[in-house]
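Here's the structure, in structure tokens; my notes come after.
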Amino acid sequence: MTAAPIRILFVDDEERILRSLALQFRRQYEVLTESDPHRALQRLKSEAVHILVSDQRMPQMSGAELLAQAREIAPQTLRILLTGYSDLDAAVAALNGGGIFRYLTKPWDQQEMAFTLRQAAQIAARQVQAPVVPSASLLAAQLNVLLLDEDPQTLAVVGDFCVAGGHRLLRVNNLGEALGVLNELPVDLLVSDLKLAGEEVAPLLKSLAQAHPRLLTLVVTPFCDTQALLKLINEAQIFRYLPKPIRRGLFEKGLQAAAEQAQLWRAQPTQVVSRLPEMPREEREREKVGSLLGMLGRLRERLTA
Amino acid sequence: MTTTSALARLLKPVMPLAPGMSIADVADRLLTPEHKAFLSLPIVDAAGYPLGLVSRSALQDIFMQRFGRDLRGRHPVQEVMNPAPLVVSLDTSLEEAAKQITGQLQYPITEDFILVDAQGQYRGLGTVLDLLKAMEARIAQRNAVLRRALVDLKESQAQLVQSEKMASLGQMVAGVAHELNTPLGYVKNNVQLLRELSAPLFELAEAQAALADCLADPHCAEVRLAVALDNAAKAREQATPELLVEDLNQLFDDTLYGLQQIAELVVGLKDFARLDRAMSEEVDLNDCIRSALVIARNSIKDKAEAILQLGELPRIPCAPSQINQVLLNLFTNAAQAIEGFGQIRVKTWAEETAVFISVQDSGRGMPAGVLARIFDPFFTTKPVGQGTGLGLSISFKIIQDHGGLIRVASEPGRGTRFLIRLPRPQAAALQRSA
């Protein structure tokens, strides 16, 4: 490694987990460990950490809480949750509050863990090369917002948000129309349920994460399945997950945060966008995502041009 | 079955008497076989509206007087009828009719009652005896329905108790399964690391064996020896056994510790869920507390620190899995009551006649209104779908079945304390014999 080594901080209340992870990764990275989340936060304030991997259930503080605080202290640090519990609330909190890059489960697969950290390290290395310089002039740009939800409540909130921010609202009735819009127009924000006109939207979200890493997706849905959410986090890199019935305040905050992020990214060179989704594991879903990627050809051409 | 038809079934279409009919003729009519069953006969006007009832006993009173029949036999019956008889409309329900009739009936019973239609026109007579029979049949029917309802209720209660048990068992299994993931996580990783780290050691062993062979062989060529020496040195450099020792030892220690953790969880699960052989077992309640804590650890760990002050306890006969269920319920409730991070204090002690378990949390406590209902079945403060409201009522029942007591004290903002008292039967027997 030529540049400064990537620094990874592991946080877990079980020391043996920390020792095991340290031994696994000490050759590739500079590994730091903390069993107390408070000390981990202290450390983030004083040292550069590229990747933070945290357990969820710890006596002093939950992992979601730690990651949310870490985001305030060091927004550039990539955050990963590593937990033995599949807990929907924790996953939602870690995503919405902690903006996690991945949700990993214990026991972990050695290869997968190594792969995920390698991906995170790649992003971190790019960020080191091109530090963020937000230019104020671009921070109030008009955005294109695509809505994939028939729910009038969602429309009301998104409509108000677009009017207030001077953004352009694009509405479609089915996935075919959505593909058309995505190919024709630069879309910045996507607000979507998991079902549109009876069709599953998740494969499209996963394809978009591959084709268009700068697109920010807010999922608003009455479905709450932990496993499905984990896949949306890891494979579609969604920005927010908001359960229906919609809580207006929370939704508005999410839209606002997404708009700010989108405007910040506009001000940056393309390569620093800190997103890199995992490919779906399941064969059939991978095929579906692949064929959707084919249908998004014009979008990809535009982005690579 | 409609209630109107119930009264209609009591209806006897007796031919009514005209008000002007003579008393003697009425007496003759009463003597005919078809009227034998009636205490009285109806008197109805030309338009069909009832005027009154003339009873057998009224006529007997007249005829028992000397020359009664001769003196009054020709008088119209109107003179001796009861002008205010019991009149019941046919569309009255059986219950309502019974209420009306028993309310107005006078002893001795000397009359029947008149049944009229909705317009008040005479339709027939009804007898009190028939009414009684109908009521009895109705009551018997109601009883049968109630008995069936009771059976159903008992069944569904048993099902609820069972489903609460399954729910807590499911929660426990899910909790332990998750709890297993932590030791599994590092044990699995460690074993893979051990394999990776030990691979160069085998190469080193092989290189050194080749070197040893060379050294032992007097005919070994200089070149071959040099290569073997070089290989062994390189392998040694690769493997760095002196650096590995510490890592490997640590990995082995951690792995063994993790396996022990896993074993403990499995034993805990087994202890916890063991099927009861009635109350035959003599159990140290401290063991129950420890095994319930192992099981509850996943729901407690991030909410509270468990502080144990377990005194020495005599073994008492009880159903350990039931006691475990009660304890698990108290521990998880305590954890759920805590905002932020708190403490759960578990204390046990023995007195002459009983043993005591106290479970005290530093949670949000309960207002008096909640406290008063806490052992009621189906009472829950948790959101819909998150609690059956049966946990504590079942706990109450379990402790009661053990001849014990469970009591609660709580203060909003300070916490809640549950106290369980279980009797010591041996001590009680000793006392009696002393």
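Of the numbered conditions (1) among the basic types (Lys, Arg); (2) touching a residue at least 60 places away in the same chain (Cβ under 8 Å); (3) more than 30 Å from residue B:397 (Cα to Cα), residue B:165 fails exactly one; give the number of that condition.
Of (1) among the basic types (Lys, Arg); (2) touching a residue at least 60 places away in the same chain (Cβ under 8 Å); (3) more than 30 Å from residue B:397 (Cα to Cα), only one is false for residue B:165: (3).
Search the stretch B:196-215 for residues being open to solvent by less than 40 Å² (accessible area, probe 1.4 Å) and closer than 13 Å to residue B:251 by Cβ, and hand back the single one that is nearest to the other protein chains (Cβ to nearest Cβ). Outline the logic, then answer.
Applying the first criterion (open to solvent by less than 40 Å² (accessible area, probe 1.4 Å)) to the stretch B:196-215 yields B:197-198, B:200, B:204, B:207, B:211, B:214.
Checking the rest, the ones that are also closer than 13 Å to residue B:251 by Cβ come to B:197-198.
Numbers: B:197: 8, B:198: 13 Å.
Among them, the one singled out is B:197.
I'd like the full set of residues that are of a type in the set (Gly, Ala, Ser) and either open to solvent by less than 10 Å² (accessible area, probe 1.4 Å) or within 14 Å of the chain's Cα centre (by Cα) (or both), limited to the stretch A:196-217.
Listed by number, the residues that qualify are A:207, A:209.
Just to be sure I understand, how many residues within the stretch A:12-22 are assigned to a helix (DSSP H, G or I) and open to solvent by 30 Å² or more (accessible area, probe 1.4 Å)?
3
If you take the residues in the stretch B:178-195 that are farther than 19 Å from residue A:10 by Cβ and facing chain A (nearest Cβ under 9 Å), which one is least open to solvent (accessible area, probe 1.4 Å)?
Here the answer is B:179.
Output the residues belonging to the stretch B:335-365 that are open to solvent by 30 Å² or more (accessible area, probe 1.4 Å) and not in a strand (DSSP E or B).
B:336, B:339, B:340, B:341, B:351, B:352, B:353, B:362, B:364
For the stretch A:74-93, give me the residue count where each residue is among the polar types (S, T, N, Q) and under 24 Å from residue A:244 (Cβ atoms).
Narrowing the stretch A:74-93 to residues among the polar types (S, T, N, Q): A:76-77, A:83, A:86.
Narrowing the set further to residues that are under 24 Å from residue A:244 (Cβ atoms) leaves A:86.
Final tally of qualifying residues: 1.
Counting only residues that are touching a Leu at 6+ places or on another chain (Cβ under 8 Å) and within 12 Å of chain B (Cβ to nearest Cβ), which one in the stretch A:20-43 is nearest to residue B:298 (Cα to Cα)?
The selected residue is A:37.
Among the candidates A:52, A:117, A:143, A:95, which residue alone is surrounded by 17 or more Cβ atoms within 10 Å (Cβ to Cβ), closer than 18 Å to residue A:276 by Cα and at pLDDT below 95?
Exactly one residue qualifies, and that residue is A:95.
Can you spot a residue in the stretch B:270-283 that is away from chain A (no Cβ under 14 Å), buried (at least 17 other Cβ atoms within 10 Å of the Cβ), in contact with a helix residue (DSSP H, G or I) (Cβ under 9 Å, 6 or more places away or on another chain) and assigned to a helix (DSSP H, G or I)?
Yes.
In the stretch A:71-113, what count of residues is obtained for those that are assigned to a helix (DSSP H, G or I), more than 28 Å from residue A:222 (Cβ to Cβ) and within 11 Å of chain B (Cβ to nearest Cβ)?
3
Check off (1) more than 13 Å from chain B (Cβ to nearest Cβ); (2) under 30 Å from residue B:172 (Cα atoms) for residue A:59 and give me the number that stays unchecked.
All conditions are met except number (1).
Residue A:64 is checked against (1) over 22 Å from residue B:191 (Cβ atoms); (2) more than 10 Å from chain B (Cβ to nearest Cβ); (3) open to solvent by 60 Å² or more (accessible area, probe 1.4 Å); (4) of a type outside the set (D, E, K, R) and fails just one. What number does that condition carry?
(3)
Yes/no matrix, rows are residues, columns are (1) within 30 Å of residue B:138 (Cβ to Cβ); (2) surrounded by 13 or more Cβ atoms within 10 Å (Cβ to Cβ); (3) not aromatic (Phe, Trp, Tyr):
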position: B:43; (1), (2), (3): no, yes, yes
position: B:51; (1), (2), (3): no, yes, yes
position: B:65; (1), (2), (3): no, no, yes
position: B:70; (1), (2), (3): no, no, yes
position: B:106; (1), (2), (3): yes, no, yes
position: B:109; (1), (2), (3): yes, yes, yes
position: B:113; (1), (2), (3): yes, yes, no
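Restricting the stretch B:225-268 to residues that are more than 14 Å from every other protein chain (Cβ to nearest Cβ) and open to solvent by less than 40 Å² (accessible area, probe 1.4 Å), which is nearest to residue B:287 (Cα to Cα)?
Of the stretch B:225-268, the ones more than 14 Å from every other protein chain (Cβ to nearest Cβ) are B:225-237, B:239, B:241-242, B:263-264, B:266-268.
Filter once more, so that each one left must be open to solvent by less than 40 Å² (accessible area, probe 1.4 Å): B:228, B:232, B:235, B:239, B:241, B:268.
On the way: B:228: 61, B:232: 56, B:235: 53, B:239: 48, B:241: 45, B:268: 10 Å.
Ranking the qualifying residues of the stretch B:225-268, first place goes to B:268.
Kindly establish whether residue B:306 is of a type outside the set (S, T, N, Q) and either open to solvent by less than 30 Å² (accessible area, probe 1.4 Å) or at pLDDT 90 or above (or both). Give the derivation first.
Details: of a type outside the set (S, T, N, Q): yes; either open to solvent by less than 30 Å² (accessible area, probe 1.4 Å) or at pLDDT 90 or above (or both): yes.
Yes.
The values are calculated or read from the model by the stated rules, or taken from the named source; none is laboratory data. Just so you know, these numbers come straight off a predicted model, no measurement behind them. Because the Cβ atoms are built from the backbone with ideal geometry, glycine has one as well, and the counts that use them run over all protein chains shown. The accessibility values were calculated without ligands, DNA or RNA, using every heavy atom of the protein model including side chains. Shrake-Rupley method; radii C 1.70, N 1.55, O 1.52, S 1.80 Å.
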